[in-house]
Structure formats: C-alpha cells, structure tokens
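Q: Supplied in structure tokens, the structure appears directly below.
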Amino acid sequence: MDFGFTEKQEKLRKSARDFFLNGIPEDFDPGAETMFSLTKAQTEFWMKFQKKAGQKGYLTPGWSKETGGLGLSPIEQGIVEEEWGYTGGRWPNFSGLHIAGPAVQIFGTEEQKKKFLPGIAKGTAVWNQAFTEPEAGSDEANQKVRAVLEGDYYILNGQKTFISTLTKPDYLYTLARTADTEPKHQGISLFLVPGDTPGITYQAQGTMGLGTQVNIYYQDVKVHQENLLGELNRGFYHAMAAFEFERSGTGNPATHKRFLVDFIQFCKKTRRDGKPLIKDPEVRKTLAKMAIDIEIQRLIAWEAVWRHSKRKELGSKPYDLSGFFNKLISTHHPEKMMNILGLYGQLRTGSKWAKFAGKIERRWQIARSVHPAGTLEVNKIVVAGRGLGLPRIPAKFNKVIAESLQEKKK
Ligand SMILES: Cc1cc2nc3c(=O)[nH]c(=O)nc-3n(C[C@H](O)[C@H](O)[C@H](O)COP(=O)(O)OP(=O)(O)OC[C@H]3O[C@@H](n4cnc5c(N)ncnc54)[C@H](O)[C@@H]3O)c2cc1C
C-alpha cells in the first residue's frame with residue numbers, strides 16, 4: 001500500500017503552504033486565538049485572507065470549477081486543508097466550507113448550487129449552522145422551531161442557541177419542524193436563510209471555551225420556498241449525511257501536530273533539574289504517545305477523504321471516527337502538556353513565570369468546549385451503533401426508564 005502523493009499533488013502542497021505562510025502575520029500564535037475570540041481587526045484580517053485564499057481556489061480546490069473550485073479531487077482538497085490546518089488558522093466561514101457547502105453540493109438544486117456555492121468558494125460569504133435549540137442538541141430530532149408554509153413562503157418562529165459565529169452571518173443553514181410526526185425526525189426540513197432577513201435577531205453569549213456563540217431568534221421570518229434544501233420533511237436525514245463532512249477533515253490532525261511540534265521545541269529548550277525536559281524519559285514517553293495519537297487521527301482523516309473521493313461508488317461513510325479522535329486529542333493533550341509543566345502549567349497567561357507562553361491555559365479552556373459537532377458521549381454512541389453494530393436500547397426501555405425517573409421525582 002502506498003500512502004504517498006503524486007508529484008503534482010506535492011507541488012500543490014508546496015504552493016498552498018507557501019501561500020498560507022506568506023499570508024499569515026509573523027506574530028500569529030497558533031492556539032492563542034480561536035475563531036470566536038478575535039478582535040475586530042483580527043476578524044477583518046481573516047475575512048480578507050479568506051477572500052485571497054478563495055481567489056486562489058484554496059478554500060475549495062476539490063469543488064467543480066462551475067461552483068468556484070479548482071475542479072480537483074477530494075484528495076487535493078485534503079492536501080490543501082492539511083497545510084492550512086498546520087498553520088493553526090481557522091477560516092471564518094468554517095460552517096459554510098465544511099457543512100453547508102457540502103450539503104448544498106449533495107442536496108441542492110442546480111439554481112441553489114449556482115446561487116450559494118460560489119460565495120463560499122470565493123470566501124466572500126459567511127455561513128452559520130443554526131441547528132441547536134434549548135431542547136434539541138444531542139437529540140436533534142426534538143426541533144421546536146417551526147416553519148409553516150403560507151403562499152410561496154415558509155414562516156419561521158422559534159429559537160436556536162449556542163450557534164458559533166464570527167460575525168453576523170450572510171446565511172443560516174437551519175433546521176425547522178415542518179410536520180408533527182411520530183417518529184419526530186420525519187417531520188423536519190432544512191432551509192437556507194439570508195442572515196439579514198427581517199425578524200431574525202442575534203444575541204451573543206460568551207463561553208468558557210474562549211468563544212462566542214449566539215442565540216438566534218426567529219420571529220415571523222419569511223423564507224421563500226426556493227430556499228428549502230432537499231426534500232420536505234427529509235431534513236434530518238440530509239443534515240446527518242452532511243455531518244460526515246463537518247467531523248472529518250485533514251486539517252484537525254495537522255493543527256494538533258503543529259501544537260505538539262511547538263511544544264517539543266519548548267521541551268528541548270527548557271531545563272528542569274539541570275537537564276532539558278526532553279531528556280526526561282517520562283516526558284519522552286508522553287510526547288511519543290501524543291505523536292502516535294495524532295498519526296492515528298491523520299490516517300483516519302485520510303481514510304475519510306479517500307472514502308469521499310469514492311462516494312459515487314461506495315456511498316456515504318457508514319461511520320467516522322475522525323470527530324471522536326479529534327475530541328479525545330483536544331481534551332487529553334493539553335492535560336498531558338500541563339502535567340509535563342508541573343505547577344507552572346497552571347499559571348495564568350500573562351504571569352511572568354507561566355511556561356510555554358501561557359498557551360496551555362488557553363488550550364485547556366478551549367478544550368472544555370467538547371460540545372461542537374456532538375459530545376464525546378454521543379460520538380461514542382455513533383461508533384457503537386454504526387461502527388460496531390451494537391444494538392440500541394429499545395424505545396420501550398427508554399420509556400420504562402423515563403417513567404421510573406418520573407416516579408422518583410414524585
Ligand atoms: C463552543 C460551541 C460551539 C457550538 N457551535 C454550534 C453551531 O455552530 N451550530 C449548532 O447548531 N450548534 C452548536 N453548538 C451546540 C452543540 O452542537 C450542542 O451543544 C451539542 O450538540 C450538545 O447538545 P446540548 O448542548 O443540547 O446537550 P445535551 O444534548 O442536553 O447533552 C447534555 C449532556 O448529556 C449527554 N448526553 C446526551 N444524550 C446522551 C445519551 N443518549 N447518552 C449519553 N449521554 C448523553 C451529552 O453528552 C452532554 O454531556 C455549539 C456548542 C458549543 C459549546
């Protein structure tokens with residue numbers, strides 16, 4: 001088996017790497033910023049840089065030329081994403097590139113593709129995925145936002161919560177209930193909603209993971225029926241299929257690798273008890289284990305990319321461990337780094353004694369947000385069910401558990 005790339009692909013890799021490294025400011029500190037904790041000036045910079053990358057075709061090299069890409073394959077897309085991931089940067093339009101865009105590619109009409117995809121590919125539009133509601137997170141089927149057809153328009157009412165955004169979005173990729181059905185997930189549809197439609201309000205809320213998510217309120221929001229994505233009442237299934245693209249990606253392991261490489265440099269330069277940290281056998285063992293984790297994640301991510309490249313023959317990937325590994329590494333690696341630094345690892349950013357420029361504190365906080373793209377527990381359920389074929393708890397037992405909890409409350 002040959003895991004290598006062709007000469008042409010390596011050329012693309014180098015040209016993408018040069019483009020990214022030349023464009024990113026020298027003082028950019030990967031791991032210090034998250035997309036959601038940027039100043040206004042930083043936001044403007046990343047928006048501009050996103051457009052530049054879009055002009056080069058480096059946001060969506062795997063998309064067709066008609067939709068704004070370079071007409072290459074998912075493998076080339078994976079190569080460019082890997083290079084971008086290694087810089088530690090994150091595009092402001094993450095949700096458009098990794099979720100809404102692929103969903104429109106698969107389920108959109110020709111008109112929708114022409115209308116929505118070029119803005120994503122060229123980096124001019126920002127999309128948010130607005131799915132989560134106060135009572136619908138892991139249980140996505142419990143959507144309460146309602147869309148009622150009146151003439152040519154659906155009228156949306158209700159609330160979304162914890163929606164990641166950098167700036168007011170140009171579009172929302174959102175779920176709403178269009179029928180009262182049993183089971184619940186058969187009455188949900190997907191909509192593509194211009195972000196400035198009258199009746200939408202955004203309310204920011206800061207989270208501990210150094211982020212800003214928003215509450216989004218829909219009040220009599222008129223959405224033309226042309227903006228229904230895919231089939232009416234099939235939105236839940238469409239959304240689940242598109243999650244495949246959010247959770248996988250070669251960028252994530254590359255970002256973890258970059259952080260580890262920087263940390264190894266730090267361990268080489270930093271002495272404890274008279275010798276460099278890197279000479280400590282326990283430290284070496286921990287670093288090696290971290291490197292192995294990242295390599296496993298990288299192989300899983302590339303397997304998913306390969307699978308995308310064969311989607312027409314093989315269909316969608318039955319289950320994907322990428323997101324699961326991403327969460328494991330995001331939570332466990334900062335903890336291991338903190339242990340290596342001892343108590344100095346717990347000093348606040350800004351303390352003159354803080355080690356590794358205090359970056360561990362920020363990573364640690366960011367890693368508290370294990371919720372985006374489904375929690376670790378929910379990821380495990382997906383792997384158990386779709387990956388290992390383990391049976392689900394029959395619905396009748398769920399009912400029995402729910403009833404016994406009610407009895408306990410009484
Ligand atoms: C930083 C951040 C960014 C986000 N960005 C977005 C976004 O852009 N768009 C969007 O739509 N949403 C976004 N979310 C919301 C996120 O998708 C949800 O928080 C997530 O799906 C979990 O849903 P919930 O918060 O309702 O938790 P719940 O579903 O209420 O879960 C609460 C806890 O119970 C556990 N749990 C739930 N069900 C089970 C089960 N069956 N078995 C075992 N354990 C279970 C969960 O793991 C969790 O620990 C974001 C959240 C955060 C924190």
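The values are calculated or read from the model by the stated rules, or taken from the named source; none is laboratory data. Since the model is a prediction, treat every value here as computed from it, not as a measurement. Cβ sites come from the backbone with ideal geometry, for glycine too, and all protein chains shown count toward neighbours. The accessibility values were calculated without ligands, DNA or RNA, using every heavy atom of the protein model including side chains. Shrake-Rupley method; radii C 1.70, N 1.55, O 1.52, S 1.80 Å.
Q: Going through the range 241-257 one residue at a time, which ones are in a helix (DSSP H, G or I) and in contact with a helix residue (DSSP H, G or I) (Cβ under 6 Å, 6 or more places away or on another chain)?
A: Those that are in a helix (DSSP H, G or I) and in contact with a helix residue (DSSP H, G or I) (Cβ under 6 Å, 6 or more places away or on another chain): Ala242, Phe245, Glu246, Arg247, Gly251, Asn252, Pro253, Ala254, Thr255, His256, Lys257.
Q: Sticking with this one: Among the listed residues Val370, Val378, Val383, which satisfies the condition of being touching a Ser or Thr at 6+ places or on another chain (Cβ under 7 Å), in a helix (DSSP H, G or I) and touching a residue at least 40 places away in the same chain (Cβ under 8 Å)?
A: Residue meeting the stated conditions: Val378.
Q: Among the residues of the range 193-235, write down those that are within 16 Å of the ligand (Cβ to nearest atom), crowded, with 17+ Cβ neighbours inside 10 Å and assigned to a loop (DSSP other than H, G, I, E, B).
A: Gly195, Gly209, Leu210
Q: Among the residues of the range 304-344, which ones are among the small types (Gly, Ala, Ser) and modelled with pLDDT of 85 or more?
A: Ala304, Ser309, Ser330, Gly342
Q: Hey, another quick one. What residue, of Gln55, Gln77, is on the phi < 0 side of the Ramachandran plot and crowded, with 23+ Cβ neighbours inside 10 Å?
A: Gln77
Q: Could you run through the range 115-129 and say how many residues are touching a residue at least 40 places away in the same chain (Cβ under 8 Å) and not in a loop (DSSP other than H, G, I, E, B)?
A: 9
Q: Leu228: over 17 Å from the mean Cα position of the chain (by Cα), within 28 Å of Lys168 (Cβ to Cβ), modelled with pLDDT of 95 or more and not charged (D, E, K, R), yes or no?
A: yes
Residues are listed down the side, and each one gets a yes or a no for (1) assigned to a helix (DSSP H, G or I); (2) within 24 Å of Lys359 (Cβ to Cβ); (3) small (Gly, Ala, Ser); (4) not assigned by TED's automatic domain parsing to the domain that holds Leu192:
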site	(1), (2), (3), (4)
Leu12	yes, no, no, yes
Arg17	yes, yes, no, yes
Pro25	no, yes, no, yes
Phe49	yes, yes, no, yes
Ala53	yes, no, yes, yes
Leu70	no, no, no, yes
Tyr86	yes, yes, no, yes
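Q: Further, regarding this structure: Taking the range 260-275 as the region of interest, how many residues are more than 13 Å from Ile340 (Cβ to Cβ) and touching a residue at least 24 places away in the same chain (Cβ under 8 Å)?
A: 1
Q: Under 6 Å between Cβ atoms, at least 6 apart or on separate chains: pull out the pairs that start in the range 130-158 with a residue that is of a type in the set (Asp, Glu) and end on any residue that is away from the ligand (no atom under 11 Å from the Cβ) and not in a strand (DSSP E or B).
A: Listed by first residue and then by second, the contacts come to Glu133/Lys144; Asp152/Gln225.
Q: While we're on this one: What about His238, is it outside the structural domain of Leu328 (by TED's automatic domain parsing), in contact (Cβ under 8 Å) with a residue 24 or more places away in the chain and assigned to a helix (DSSP H, G or I)?
A: Yes; evaluated as a whole, the condition is true for this residue.
Q: Residues of the range 345-384 being within 8 Å of the ligand (Cβ to nearest atom), among the hydroxyl-bearing types (Ser, Thr, Tyr) and either more than 30 Å from Ala141 (Cα to Cα) or modelled with pLDDT of 80 or more (or both), which ones?
A: The answer is Thr375, and nothing else.
Q: Looking only at residues that are assigned to a helix (DSSP H, G or I) and among the polar types (S, T, N, Q) in the range 258-306, which one is nearest to the chain's Cα centre (by Cα)?
A: Going through the qualifying residues, I end up with Gln297.
Q: Any residue in the range 276-303 that is surrounded by fewer than 16 Cβ atoms within 10 Å (Cβ to Cβ) sitting within a Cβ distance under 6 Å of a residue that is part of a helix (DSSP H, G or I)? List the pairs, counting only those 6 or more apart or interchain.
A: Matching pairs, first to second residue: Pro276/Lys268.
Q: Right, here's the next one. Would it be correct to say that Leu38 is within 29 Å of Ala357 (Cα to Cα), touching a residue at least 60 places away in the same chain (Cβ under 8 Å) and open to solvent by 60 Å² or more (accessible area, probe 1.4 Å)?
A: no
Q: Let me ask something additional. When both residues are 6+ apart or on different chains and their Cβ atoms are under 7 Å apart, which pairs have a first residue that lies in the range 163-174 and is farther than 9 Å from Val214 by Cβ, and a second that is among the basic types (Lys, Arg)?
A: Thr174/Lys160
Q: To continue, here is another question. Quick one: count up the residues across the range 137-173 that are part of a strand (DSSP E or B) and near the ligand (Cβ under 7 Å from one of its atoms).
A: Counting residues in the range 137-173 that are part of a strand (DSSP E or B) and near the ligand (Cβ under 7 Å from one of its atoms) gives 4.
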